[in-house]
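Remarks on the structure that follows.
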Amino acid sequence: MPKILNGTELADFVKERQAHSVRALKSDRKFPKLVIIRDSDNPVIMKYVELKKEYGSDIGIIVEDRFAEDLIGLKEIVRDASADPAVSGIIVQLPLKDKSWTDEVVAEIKPEKDVDGLNSAALVKAGKHPIFESATATAINWLISGYDINLENRHIAIVGKGRLVGEPLIRMWRGAGHDVTVFDSKSDLKELRNFDLIVTATGKPHIITNEMVKSGAIVIDAGTASEHGILVGDLAEDVRSRSDLKAFTPKVGGVGPLTVAVLFEDVISAAS
């Protein structure tokens with residue numbers, strides 16, 4: 001039977017350690033604080049914001065939710081939070097309503113407060129070393145490490161080249177010498193059947209179907225989208241019903257919980 005890559009179980013273990021770390025910081029008069037900046041009341045966006053608020057509350061970190069509806073307002077909020085010594089970390093809850101604003105807004109985050117690693121790829125391209133890497137890409141590394149998945153000698157496919165998952169993960173894994181082939185939603189995805197490990201993060205619901213996944217493959221779904229108000233991933237449901245896979249992430253509780261755990265790990269580091 002396949003191994004279920006349960007990120008929730010790993011995140012719960014990490015959370016216990018983080019709560020202890022936050023108590024130690026507070027005893028040293030350091031009070032970690034995360035600011036979430038958004039431009040939408042979209043139910044999917046708000047679900048992610050509430051999950052972060054709940055996690056922060058569980059481990060004793062202050063989480064503030066700040067809103068602006070235009071580019072000027074968003075940039076002003078980011079600049080204010082970057083200049084505020086009481087703020088340890090800042091994230092911009094993506095996607096913004098106008099995706100063309102993204103680079104301008106996230107560029108305002110000070111590197112030492114960019115706990116989601118939103119500017120990590122841009123910093124690398126500029127020849128600088130980011131303080132924090134992409135939280136989701138790091139979460140995938142935590143997940144495969146937690147389940148003792150060795151990337152050596154595996155034929156790896158990454159589907160999607162976005163700034164939150166694909167782009168940083170491609171850079172990390174190729175930099176480590178792994179065999180990585182990159183696809184996007186317009187590629188011939190039937191070629192995925194040749195790969196041992198597939199990481200998908202297109203945000204296109206159910207784009208990865210049975211005929212694209214070979215027997216014995218490992219499949220990690222890091223895609224998120226809203227379908228009729230419900231959060232869904234890139235994997236078609238019948239892929240998860242197969243008994244011949246080596247491992248896969250569940251519909252709920254795979255990469256997502258670990259992404260939040262990584263984010264707060266970075267907030268703790270920024271406050272230390």
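Given the options 109, 59, name the one that is touching a strand residue (DSSP E or B) at 6+ places or on another chain (Cβ under 7 Å), touching a residue at least 24 places away in the same chain (Cβ under 8 Å) and not hydroxyl-bearing (Ser, Thr, Tyr).
On the way: 59 fails: touching a strand residue (DSSP E or B) at 6+ places or on another chain (Cβ under 7 Å).
So the residue among 109, 59 that is touching a strand residue (DSSP E or B) at 6+ places or on another chain (Cβ under 7 Å), touching a residue at least 24 places away in the same chain (Cβ under 8 Å) and not hydroxyl-bearing (Ser, Thr, Tyr) is 109.
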### Message
Would you confirm, using the coordinates I've provided, whether residue 161 is surrounded by 16 or more Cβ atoms within 10 Å (Cβ to Cβ), at pLDDT below 95 and of a type in the set (D, E, K, R)?
### Response
yes
### Query
So which of 75, 97 ends up being touching a residue at least 24 places away in the same chain (Cβ under 8 Å) and crowded, with 17+ Cβ neighbours inside 10 Å?
75
### Query
Quick one: residue 47 ticks every box in (1) without any contact (Cβ under 8 Å) to a residue 60 or more places away in the chain; (2) open to solvent by 70 Å² or more (accessible area, probe 1.4 Å); (3) in contact with a strand residue (DSSP E or B) (Cβ under 8 Å, 6 or more places away or on another chain) bar one, so which box is it?
(1)
### Query
Here are 215, 243: which of them is touching a residue at least 40 places away in the same chain (Cβ under 8 Å), of a type in the set (Ser, Thr, Tyr) and in a loop (DSSP other than H, G, I, E, B)?
243
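Among the residues of the stretch 98-120, which ones are under 17 Å from the mean Cα position of the chain (by Cα), hydrophobic (A, V, I, L, M, F, W, C) and part of a helix (DSSP H, G or I)?
Applying the first criterion (under 17 Å from the mean Cα position of the chain (by Cα)) to the stretch 98-120 yields 102, 106, 113-120.
Remaining after also requiring hydrophobic (A, V, I, L, M, F, W, C): 106, 115, 118.
Correct list: 106 only.
When the stretch 26-39 is examined, which residues are found to be open to solvent by 20 Å² or more (accessible area, probe 1.4 Å) and touching a helix residue (DSSP H, G or I) at 6+ places or on another chain (Cβ under 9 Å)?
Scanning the stretch 26-39 gives 30, 31, 33, 38.
Return yes or no: is residue 53 part of a loop (DSSP other than H, G, I, E, B), out of contact with any Phe, Trp or Tyr (no Cβ under 9 Å at 6 or more places or on another chain), surrounded by fewer than 20 Cβ atoms within 10 Å (Cβ to Cβ) and not hydrophobic (A, V, I, L, M, F, W, C)? Even if it seems obvious, please write down each step before you answer.
Values: part of a loop (DSSP other than H, G, I, E, B): no; out of contact with any Phe, Trp or Tyr (no Cβ under 9 Å at 6 or more places or on another chain): yes; surrounded by fewer than 20 Cβ atoms within 10 Å (Cβ to Cβ): yes; not hydrophobic (A, V, I, L, M, F, W, C): yes.
Spelling it out, it is not the case that residue 53 is part of a loop (DSSP other than H, G, I, E, B), out of contact with any Phe, Trp or Tyr (no Cβ under 9 Å at 6 or more places or on another chain), surrounded by fewer than 20 Cβ atoms within 10 Å (Cβ to Cβ) and not hydrophobic (A, V, I, L, M, F, W, C).
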#### Entry: Members of the stretch 125-150 that are surrounded by fewer than 24 Cβ atoms within 10 Å (Cβ to Cβ), under 22 Å from residue 111 (Cα atoms) and over 11 Å from the mean Cα position of the chain (by Cα)
125, 126, 127, 128, 129, 130, 131
### Task
Tell me, yes or no, whether the stretch 186-206 has at least one residue that is open to solvent by 10 Å² or more (accessible area, probe 1.4 Å), farther than 15 Å from residue 136 by Cα, out of contact with any Pro (no Cβ under 7 Å at 6 or more places or on another chain) and β-branched (Val, Ile, Thr).
no
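The values are calculated or read from the model by the stated rules, or taken from the named source; none is laboratory data. The shown structure was predicted, so the numbers you read here are calculated from the model rather than taken from an experiment. Neighbour counts are summed over all protein chains in view; Cβ atoms, including those assigned to glycine, are modelled from backbone coordinates with ideal geometry. Ligands, DNA and RNA are stripped out before the accessible areas are found, and what is left, the full protein with its side chains, is counted by its heavy atoms. Shrake-Rupley method; radii C 1.70, N 1.55, O 1.52, S 1.80 Å.
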